[in-house]
Amino acid sequence: MWFLALWALGLLSGFTHLLITGFGDASNISHILLLHQFVVTFGLVGIIGVIVNIALADDTARKLGWPGGPYQIKYGFSQLGVGVMGVMAIWFHGSFWVGVLVTMYIYGLSGLWSHTQEMIKNRKADAGNIANIVMDIVYQAFITILSIQAGGIWTNA
């Protein structure tokens with residue numbers, strides 16, 4: 001559920017940006033909020049992913065009750081990729097943002113898959129996994145709505 005805090009930080013920084021620069025129309029608001037989701041939320045996913053899955057890999061694996069190993073390191077690097085793409089969204093707009101969104105969709109699907117598999121393996125639906133699944137779905141819908149409202153992202157022009 002740590003992702004919920006990152007989502008909130010992205011919203012907080014986005015609204016702070018809007019308070020300073022002015023809100024403008026719905027497209028501008030969506031554009032700024034989505035930019036902050038990319039830079040702040042995705043960027044922090046990358047930083048945290050490197051720390052917990054690479055720098056603190058053994059400790060993290062023990063805490064989760066999962067076997068550690070090279071796959072955890074690969075996961076940490078994939079999280080870093082999400083973060084780097086998010087930060088790059090500062091300089092690259094338009095169709096580049098489609099790539100950032102698709103990367104986050106895939107990241108969200110990995111969460112849906114792993115939390116579902118965990119419940120199937122344990123033969124029980126627990127609150128933590130269900131909450132993560134709901135959050136993944138709601139977040140993906142949230143960034144999709146922002147991207148459509150911002151305009152100019154889902155075009156080939």
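The values are calculated or read from the model by the stated rules, or taken from the named source; none is laboratory data. Since the model is a prediction, treat every value here as computed from it, not as a measurement. Virtual Cβ from ideal backbone geometry, glycine too; neighbours counted across all protein chains shown.
Observations
- Residue in segment 120-131 that is under 20 Å from Trp7 (Cα atoms), of a type outside the set (Phe, Trp, Tyr) and in contact with a His (Cβ under 6 Å, 6 or more places away or on another chain) present: yes
- Residue in segment 110-131 that is more than 11 Å from the chain's Cα centre (by Cα), surrounded by 12 or more Cβ atoms within 10 Å (Cβ to Cβ) and within 25 Å of Ser13 (Cα to Cα) present: yes
- Any hit, segment 31-45, residues being out of contact with any Lys or Arg (no Cβ under 6 Å at 6 or more places or on another chain), among the aromatic types (Phe, Trp, Tyr) and either under 23 Å from His115 (Cβ atoms) or surrounded by fewer than 16 Cβ atoms within 10 Å (Cβ to Cβ) (or both): yes
- When segment 62-76 is filtered for residues that are in contact with a Gly (Cβ under 8 Å, 6 or more places away or on another chain) and either surrounded by fewer than 19 Cβ atoms within 10 Å (Cβ to Cβ) or closer than 17 Å to Thr16 by Cα (or both), the ones remaining, listed by number, are Arg62, Tyr75.
One line per residue, one yes/no per condition, for (1) farther than 19 Å from Gln140 by Cβ; (2) surrounded by fewer than 14 Cβ atoms within 10 Å (Cβ to Cβ); (3) hydroxyl-bearing (Ser, Thr, Tyr):
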{"position": "Ala55", "(1), (2), (3)": "yes, yes, no"}
{"position": "Thr60", "(1), (2), (3)": "yes, no, yes"}
{"position": "Met85", "(1), (2), (3)": "no, no, no"}
{"position": "Met88", "(1), (2), (3)": "yes, no, no"}
{"position": "Trp97", "(1), (2), (3)": "no, no, no"}
{"position": "Val100", "(1), (2), (3)": "no, no, no"}
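- Looking at segment 1-77, the helices (runs of 4 or more DSSP H) lying wholly inside it that each contain 3 or more residues that are within 20 Å of the chain's Cα centre (by Cα) sit at 2-21, 26-36, 43-50.
- When Met85 is tested against the conditions (1) assigned to a helix (DSSP H, G or I); (2) more than 17 Å from Val40 (Cα to Cα), the lone failure is (2).
- Residue in segment 143-154 that is in contact (Cβ under 8 Å) with a residue 40 or more places away in the chain and under 11 Å from the mean Cα position of the chain (by Cα) present: yes
- Test result for Ile130, modelled with pLDDT under 95, farther than 18 Å from Val45 by Cβ and either part of a helix (DSSP H, G or I) or of a type in the set (A, V, I, L, M, F, W, C) (or both): yes
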